Amino acid sequence: MRQRMVSVTDPTSNPFSVIITLAWPIFLEQVLVSLVQSIDTAMVGFLGANATASVAISQNPINLINSVILALGVGFTTMIARAVGAGQYDYSKLLIRQSIVVVIALGIPLSALCFALSRQIPIWMGAAPEILDDAQIYIRIIAFSMLFRGLLMVLTAIYRGFGDSRTPMLINVAINALNVVGNYLLIYDVHDVTLFGHTFSVWGANLGVAGAALSTTCSQTLGSLTLLLMCFLPRSGPMRISVHDSFRPSRDTLQEVFRVSLPVMFERFTISGAFVMTSSIIATLGTVSLAANSLAAQAESLSFMPGFAFGTAATTLVGQSLGANREDLARKYVRLSGWIGSIVMLFMSFLLFILSENIIALFTPDEQVIVLGGQLLKILAFIQVPQMLAMVYSGALKGAGDTKSPFLITLFSMWGVRILGSVLVVRVFHKDLRWVCAAMCLDNIVRFFLYLYRYLQGKWVTAYTLKASSEENTAKA
């Protein structure tokens, strides 16, 4: 498979085409990444509300642990995009090798931590006693994939930094196909299937929630190893590395990576921690509310994936543009990404509102969950455009190396608006889940205006200067 990379320094490139070429695979890839969780939830959902809740309550804590490595991925994207724009390919290869070292160093302890806390995590989340056993089993199995999930996230970010969003997308297509097949065979018991008038028996392991976790773990492990192998192939072009290259940790390079990544890590902790807090608050409203919120969040996450795609594309394109000393081009890419994304998200808002209950019904047969989840989606439909624009401006700031501002903005909006609002409406005014959803929407609107203000200030242009490590020359050997 030959990588297809986009570069802002290519004089024949059309900005509109560059954005679409980079964004659409990211969109599809993120849809597929979300589907890994959604498919688990949907296929487990046919076992009942308790099974749905046991998977749902496990997702946010797992995402909180993953946020450590996800933040590093953003840092590597920013630095590699800047190096590619400046034509410093030897330094970008050094960054790839350092990323592998970092993932291994962090992934193993995180896996052990997740496994050790597998019982406590759902308890801390306020899970009902009847779902504790299934939640613990799910988390324990997922813990074994933490290293490989981290590797998949960081390598995906690195490919994007080079302008190649297509390869990670294709890998995620394969991951999801394996996950669906694995779920079907591992979750359910042996059963009969009728096709074209013929009935035959299909084998099933009848593992329930454990089967969903095992399928996800195996598929993501295979996907990450495939993506890693491709970095060593001749067709990888300017991002090809070799087993003969040095993988010794570089203090200068890692200091630079962590300097850029640390605020992103704090931001991810802030977001994931806020999701954990919100879920624990919602858990006090009952299992139906917990399940409805989880399914609505997963459905809505699929709808705003175009926004995520344009925001991620902005990170790469702004980084490459500033690496090539083209501030004008960086601003042009941000402006076009916002306009294109707004048109797409208006369409997604319409679908989310009109098909709200039908979408929730895809994940569960529970009528109470369908009605409440549908009401949440109708509310969430109104914030899709500002939410997307917030992602674009945030992505632009990060691509420029300004990672502190997004962290501070997120800290204020998530905890000062979302969490505080949720606590007030539930524990003070004793309102239902719909009011919690309104607090979430207000958080997104506030965040959009704060990102816009920071972008218009223009300080992001000089927020970061690429500093090639002293080991760059060694990398050429």
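The values are calculated or read from the model by the stated rules, or taken from the named source; none is laboratory data. Note that this is a predicted model, so its numbers are computed, not measured. Virtual Cβ from ideal backbone geometry, glycine too; neighbours counted across all protein chains shown.
Taking Ile187, is it of a type outside the set (Lys, Arg), touching a residue at least 40 places away in the same chain (Cβ under 8 Å), in contact with a helix residue (DSSP H, G or I) (Cβ under 6 Å, 6 or more places away or on another chain) and more than 30 Å from Thr312 (Cα to Cα)?
Details: of a type outside the set (Lys, Arg): yes; touching a residue at least 40 places away in the same chain (Cβ under 8 Å): yes; in contact with a helix residue (DSSP H, G or I) (Cβ under 6 Å, 6 or more places away or on another chain): yes; more than 30 Å from Thr312 (Cα to Cα): yes.
It is true that Ile187 is of a type outside the set (Lys, Arg), touching a residue at least 40 places away in the same chain (Cβ under 8 Å), in contact with a helix residue (DSSP H, G or I) (Cβ under 6 Å, 6 or more places away or on another chain) and more than 30 Å from Thr312 (Cα to Cα).
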Any hit, segment 337-348, residues being buried (at least 24 other Cβ atoms within 10 Å of the Cβ), touching a Phe, Trp or Tyr at 6+ places or on another chain (Cβ under 7 Å), over 22 Å from Met265 (Cβ atoms) and at pLDDT below 90: no
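Any chance segment 127-140 includes a residue that's small (Gly, Ala, Ser), touching a residue at least 40 places away in the same chain (Cβ under 8 Å), surrounded by 24 or more Cβ atoms within 10 Å (Cβ to Cβ) and part of a helix (DSSP H, G or I)? Walk me through how you get there before you give the answer.
At the first step, the residues of segment 127-140 found to be small (Gly, Ala, Ser) are 127-128, 135.
Filter once more, keeping what is touching a residue at least 40 places away in the same chain (Cβ under 8 Å): 127-128, 135.
Checking the rest, the ones that are also surrounded by 24 or more Cβ atoms within 10 Å (Cβ to Cβ) come to 127, 135.
Add one more test, that the residue is part of a helix (DSSP H, G or I), and what stays is 135.
There is at least one residue in segment 127-140 that is small (Gly, Ala, Ser), touching a residue at least 40 places away in the same chain (Cβ under 8 Å), surrounded by 24 or more Cβ atoms within 10 Å (Cβ to Cβ) and part of a helix (DSSP H, G or I).
Every residue, every condition in (1) crowded, with 17+ Cβ neighbours inside 10 Å; (2) modelled with pLDDT of 90 or more; (3) of a type outside the set (D, E, K, R); (4) assigned to a helix (DSSP H, G or I), yes or no:
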| site | (1), (2), (3), (4) |
| --- | --- |
| Phe363 | yes, no, yes, no |
| Ile383 | yes, yes, yes, yes |
| Ser394 | yes, yes, yes, yes |
| Lys398 | yes, yes, no, yes |
| Leu420 | no, yes, yes, yes |
| Leu452 | no, yes, yes, yes |
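Residue check: is Val173 of a type in the set (Val, Ile, Thr), closer than 30 Å to Thr21 by Cα and surrounded by fewer than 21 Cβ atoms within 10 Å (Cβ to Cβ)?
Yes; evaluated as a whole, the condition is true for this residue.
Look through segment 454-465, keep the residues that are assigned to a loop (DSSP other than H, G, I, E, B) and surrounded by fewer than 19 Cβ atoms within 10 Å (Cβ to Cβ), and return whichever of them is modelled with the highest pLDDT. Spell out the reasoning first.
Restricting attention to segment 454-465, the residues satisfying the condition of being assigned to a loop (DSSP other than H, G, I, E, B) are 458, 463-465.
Next, from what is left, pick out any that are surrounded by fewer than 19 Cβ atoms within 10 Å (Cβ to Cβ): 458, 463, 465.
On the way: Gly458: 90, Ala463: 75, Thr465: 71.
Taking the candidates together, the pick is Gly458.
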Residue that is surrounded by the fewest Cβ atoms within 10 Å (Cβ to Cβ) [pool: residues in segment 41-77 that are of a type in the set (Ser, Thr, Tyr) and over 20 Å from Leu132 (Cβ atoms)]: Ser67
Complete set of residues in segment 11-30 that are over 19 Å from Met391 (Cα atoms) and either among the β-branched types (Val, Ile, Thr) or not in a helix (DSSP H, G or I) (or both): Pro11, Thr12, Ser13, Asn14
Wholly enclosed helices (runs of 4 or more DSSP H) of segment 241-343 bearing at least 3 residues farther than 30 Å from Arg427 by Cβ and not polar (S, T, N, Q): 251-283, 305-323
Criterion violated by Leu95 - all others in (1) free of Cβ contacts under 8 Å to residues at least 12 places away in the same chain; (2) in contact with a helix residue (DSSP H, G or I) (Cβ under 7 Å, 6 or more places away or on another chain) satisfied: (1)
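Yes or no, residue by residue, for (1) more than 15 Å from the chain's Cα centre (by Cα); (2) farther than 22 Å from Gly319 by Cβ:
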| residue | (1), (2) |
| --- | --- |
| Ala143 | yes, yes |
| Val154 | no, no |
| Gly161 | yes, no |
| Ser165 | no, no |
| Asn172 | no, yes |
| Ala177 | yes, yes |
| Gly182 | yes, yes |
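Go over the candidates Gly211, Gly197 one by one and state the one that is among the small types (Gly, Ala, Ser) and either within 18 Å of Leu155 (Cβ to Cβ) or crowded, with 16+ Cβ neighbours inside 10 Å (or both).
Checking each option against the conditions leaves just Gly211.
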Selection status of Asp90, part of a helix (DSSP H, G or I), modelled with pLDDT under 80 and among the acidic types (Asp, Glu): no
Of residues in segment 298-317 being under 13 Å from the mean Cα position of the chain (by Cα) and modelled with pLDDT under 85, the one surrounded by the fewest Cβ atoms within 10 Å (Cβ to Cβ): Leu302
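Name the residues in segment 421-465 that are of a type in the set (Val, Ile, Thr) and over 16 Å from Ala381 (Cβ atoms), would you? Before the answer, list the steps.
The first filter runs over segment 421-465 and keeps only residues of a type in the set (Val, Ile, Thr), leaving 423, 425-426, 428, 436, 445-446, 461-462, 465.
Val423, Val425, Val426, Val428, Val436, Val446, Val461, Thr462, Thr465 - these are the residues of segment 421-465 that are of a type in the set (Val, Ile, Thr) and over 16 Å from Ala381 (Cβ atoms).
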Condition check for Ala157: buried (at least 20 other Cβ atoms within 10 Å of the Cβ), in a loop (DSSP other than H, G, I, E, B) and in contact (Cβ under 8 Å) with a residue 40 or more places away in the chain: no
Cβ-Cβ under 6 Å pairs, at least 6 apart or on other chains, segment 115-126 side modelled with pLDDT of 90 or more, far side assigned to a loop (DSSP other than H, G, I, E, B) and of a type outside the set (Val, Ile, Thr): none
Selection from segment 196-233 of residues that are closer than 13 Å to Val181 by Cα and part of a loop (DSSP other than H, G, I, E, B): Trp203, Gly204, Ala205
